[in-house]
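Everything below concerns the one structure shown next.
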Number of protein chains: 2
Amino acid sequence: MGSPVVASEEMVAVGVRARAAALAMARVGGLAKDAALTAVHAALASAKADILAANGRDKAAAAARVADGGLPAATAKRLELGGAKFDALLQGVTSVRALPDPVGTVSRATRLDDGLDLYRVATPIGVIAVVFEARPEAAVQIAALAIKSANAVILKGGKEAEASNAILVQCIRKGLAAADFPVDAVQLVATRGEVAQLLSLNTHIDLVIPRGSNALVKYITENTKIPVMGHADGLCAVYVDAAADMDKAVAIVVDAKAQYPAVCNAAETVLVHADVAPTALPRLAAGLAAAGVELRADDRAYAVLRPDGSDDASSADGACVVRACADDWDTEFLELTVALGVVESLDAAVDHINAHGSHHTDAIVTEDSAAAGAFLARVDSAGVFHNASTRFADGFRYGFGAEVGVSTHRTHARGPVGLEGLLIYKYRLYGQGHTVAALFILGTGAE
Amino acid sequence: MGSPVVASEEMVAVGVRARAAALAMARVGGLAKDAALTAVHAALASAKADILAANGRDKAAAAARVADGGLPAATAKRLELGGAKFDALLQGVTSVRALPDPVGTVSRATRLDDGLDLYRVATPIGVIAVVFEARPEAAVQIAALAIKSANAVILKGGKEAEASNAILVQCIRKGLAAADFPVDAVQLVATRGEVAQLLSLNTHIDLVIPRGSNALVKYITENTKIPVMGHADGLCAVYVDAAADMDKAVAIVVDAKAQYPAVCNAAETVLVHADVAPTALPRLAAGLAAAGVELRADDRAYAVLRPDGSDDASSADGACVVRACADDWDTEFLELTVALGVVESLDAAVDHINAHGSHHTDAIVTEDSAAAGAFLARVDSAGVFHNASTRFADGFRYGFGAEVGVSTHRTHARGPVGLEGLLIYKYRLYGQGHTVAALFILGTGAE
């Protein structure tokens, strides 16, 4: 972890204000939260011109850096808040407001004794820090989720979106103030060295959510004692079983790889059972080639697809096929490239995926329900799919209404995370003067 | 965190074997786990003489250290495995076996489209490390919970119980082998420097559970990137409201403080509403004095209890009353001492508890349901109790059947944690060739 970072007084004060806001929110009910979201929506809508002006400054600065080669064009593009993006930003607030209030839901109720009732009740986690990169609309989406879940949030955006983030958070706080809601429920930090300082506030912050590149997630995971919810990699696989329906296999593999290759739920590896490789591989190759995908084939797949040893795209499948190197099985390509291998059995596919995958989402294509059952039980991933594309691994498609992120961690929340991931619970016990001594329950366990 | 610890090859191998066992357990069902627990029970029962002989060696070594002043007598006492302890140890295995299989429980089911069904299914977390101190029976209890939840566990016991732990884990593994169950589901590490090395295995271990002193928990929390589930402090409070029934108040306060003062759910602070202080304090003082409790009173409480300024235990209440110092409000006494204060309002009580408590368990005594509702909503603790003793905060009393520990963290699990705390979930999606492209669902969020 290197030498310990000491947070500045200003940064500690941000943490203290966030905790105070979190405690103050324990007094507000669902109606007050929805009213706050309405006011936030109004504040953003009425400041549209100013927001787009600030966004224009960020975009101009980014364009200059792109011209200098100092910033990738894709990063600059993500700054855009104009046009349909602005409407989507406002719609996001309305959508979160429309979700059922998640706080107060009872997930367990037990009568411990006459007149002694225990309830497990959903509560906010407390103070959440979110570190996000270029997209400024994330500030609005996260703030809306925090308000709905009654968590205080500390936002740290990327410097490319500094002006956009500043005015968005200013509008959000103006809306909160207008609704008489704790204003420090949403704070933005924008001082230098702020990420390292934020990550040192482990007594003030209960959860950190990184939203951005693998490098950002890894940096945060390595540099804080605060629990982190996020995912660093999305190395998803599709396994085409011996009993696969080949039409489904081609459709699913092409969708998983090529429908949107830059996202974490896109497939990077396709494994084909040896029994069907001679017929399946040419069809898969043709389908992937038609979608513009380059194939990195293992020796057995290569031998099927290019028996003459050439990597000629003028073959019947029209595909660009090259020999896979060892690293290809551990690479999240995030582009139109896929590693394609032949496995001897379902067991070999499972072992490969558990060893090389990122435990995000993996799919089997098969008409054999026993094979599907084995794959879904034994693949150790947040999502295990039968006859469906890995691209379905998404909070919106899962029906959560909003997505906080995708977790490949194994505690708290796993897979796509909706509003529920921002909650924990407390136990409420209602008695009538009950004492342990009177119930003659002997202590065990920790006692 | 100091300089990074590098795990030895042997320690890494322990982690690798644990992961392999965890993956192998994905193949076993509830019957196989229960059969393994039966075999573990039999192996322990049949090795009773050897276990007690090994335990005798630990006890003799500890007795010598106690005589030298090198070990507290209480620590030595916790080593005992003979008599009723051995029966309880065996009974613990049977009790865990009797619990319903927690793996595979469906907590969410959604039809996403025609023939496209999503299920959220409980799964083991994976590999769990448990660091525990003197009590060797903890090894058996934890192993039983791990087997039932299909997690692989790496146990690190205290050196005082080295011989006891070694033979217990040897018997457990013998039982697992006899039942043809993955033997490395339960491993014991006992090399020097092992805790720091274990804590460095953040890619091999998914969760660390410290069971022992505050110092142990703090050390672990400060020295690992692996998620930690545990609690460092138990600074619980009872607030006696203006509308309290005084019989209930006295019974609850005495039970919470004195029934078993050495445990984390015992009360350390009692706050009394100013309106009832003149009548409540003498009754509370008398009740606590009868239980042998020393009172550390704030100025207002002192003025009521000792209007002449003396701390004479020959007063009507019979209590030993001294003036509280500032530290008393932040001290987990764990003995027959309590901090006793007067507050102006329920708000002041809530603020005091949120500022000075450890977010473990706090209680209000009142007949005013609005006051109870406000207290339970606004006190930011894992357990919030109305008219019941804080001593009920315990996995067994909560009806969990087994307790993994008590968590004061705000993610994953909070409060007493049962078998459920050793589980997470995966999403299973069953389709019929479904692709995202064909459903025309537009990407949002992360895309």
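The values are calculated or read from the model by the stated rules, or taken from the named source; none is laboratory data. Please read these numbers as outputs of a predicted model, since none were measured by experiment. Note: ideal-geometry Cβ built from the backbone for every residue, glycine included; neighbour counts use all protein chains shown.
Taking the listed residues B:Ala7, B:Ala18, the one that is outside any helix (DSSP H, G or I), of a type outside the set (Val, Ile, Thr), within 28 Å of the chain's Cα centre (by Cα) and crowded, with 16+ Cβ neighbours inside 10 Å is B:Ala7, with no other qualifying. Please go through the range A:159-182 and give me each residue that is among the charged types (D, E, K, R) and not in a helix (DSSP H, G or I), ordered by number. Selection gives A:Asp180 alone. For the range A:304-315, the condition of being within 25 Å of A:His360 (Cβ to Cβ) and in the same structural domain as A:Gly373 (by TED's automatic domain parsing) holds for none of the residues. The listed residues are A:Ile167, A:Ile154, A:Ile172, and the only one of them that is in contact with a Gly (Cβ under 8 Å, 6 or more places away or on another chain), aliphatic (A, V, I, L, M) and assigned by TED's automatic domain parsing to the domain that holds A:Arg135 turns out to be A:Ile154.
Mind counting the residues in the range B:213-224 that are buried (at least 20 other Cβ atoms within 10 Å of the Cβ) and either touching a residue at least 40 places away in the same chain (Cβ under 8 Å) or over 19 Å from B:Asp330 (Cα atoms) (or both)? Residues meeting the conditions: 2. Where strands (runs of 3 or more DSSP E) fall entirely within the range A:78-141, those with at least 3 residues that are away from chain B (no Cβ under 11 Å) and buried (at least 16 other Cβ atoms within 10 Å of the Cβ) are at A:127-132.
Give the residues of the range A:124-142 that are under 16 Å from the mean Cα position of the chain (by Cα) and not β-branched (Val, Ile, Thr), sorted by residue number. Within the range A:124-142, A:Ala129, A:Phe132, A:Glu133, A:Ala134, A:Arg135, A:Glu137, A:Ala138, A:Ala139, A:Gln141 qualify. Of the candidates B:Glu420, B:Glu367, B:Glu344, B:Glu403, the single residue that is on the phi < 0 side of the Ramachandran plot, more than 7 Å from every other protein chain (Cβ to nearest Cβ) and within 16 Å of the chain's Cα centre (by Cα) is B:Glu420.
Of the residues making up the range B:316-361, those that are charged (D, E, K, R), under 21 Å from B:Asn265 (Cα atoms) and either free of Cβ contacts under 8 Å to residues at least 40 places away in the same chain or touching a helix residue (DSSP H, G or I) at 6+ places or on another chain (Cβ under 7 Å) (or both) are B:Asp327, B:Asp328, B:Asp330, B:Asp351. Applying a threshold of 7 Å to beta carbon distances and a minimum spacing of six or more residues, or different chains, the list of pairs starting in the range A:282-300 at a residue that is free of Cβ contacts under 8 Å to residues at least 60 places away in the same chain and ending at one that is among the hydroxyl-bearing types (Ser, Thr, Tyr) reads A:Val293/A:Thr337; A:Glu294/A:Thr337; A:Arg296/A:Thr337. In the set (1) closer than 30 Å to B:Ala339 by Cβ; (2) under 25 Å from the mean Cα position of the chain (by Cα); (3) charged (D, E, K, R); (4) crowded, with 18+ Cβ neighbours inside 10 Å, B:Lys248 fails one condition alone, (2).
Elements of the type strands (runs of 3 or more DSSP E) sitting completely within the range A:350-434 and holding at least 1 residues that are modelled with pLDDT of 95 or more and among the basic types (Lys, Arg): these cover A:423-434. The set of residues in the range B:241-261 being of a type in the set (Lys, Arg) and more than 7 Å from chain A (Cβ to nearest Cβ) consists of B:Lys257 alone. Check the range B:105-117 and report whether any residue there is under 23 Å from B:Ala177 (Cα atoms), in the same structural domain as B:Ala45 (by TED's automatic domain parsing) and at pLDDT 95 or above. There is no residue in the range B:105-117 that is under 23 Å from B:Ala177 (Cα atoms), in the same structural domain as B:Ala45 (by TED's automatic domain parsing) and at pLDDT 95 or above.
Quick grid of which residues meet (1) farther than 30 Å from A:Ile364 by Cβ; (2) polar (S, T, N, Q):
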position	(1), (2)
B:Ser358	yes, yes
B:Tyr398	yes, no
B:His409	yes, no
B:Leu423	no, no
B:Gly433	no, no
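Listed conditions (1) under 30 Å from A:Ser389 (Cβ atoms); (2) within 7 Å of another protein chain (Cβ to nearest Cβ) are all met by B:Arg397, apart from (1). The set of residues in the range B:221-240 that are more than 10 Å from every other protein chain (Cβ to nearest Cβ) and over 22 Å from B:Ile424 (Cα atoms) comprises B:Ala232, B:Asp233, B:Leu235, B:Cys236, B:Ala237, B:Val238, B:Tyr239, B:Val240.
When B:Leu439, B:Leu376, B:Leu340, B:Leu334 are checked against the criterion of being surrounded by fewer than 21 Cβ atoms within 10 Å (Cβ to Cβ) and assigned by TED's automatic domain parsing to the domain that holds B:Val276, B:Leu334 stands alone in meeting it.
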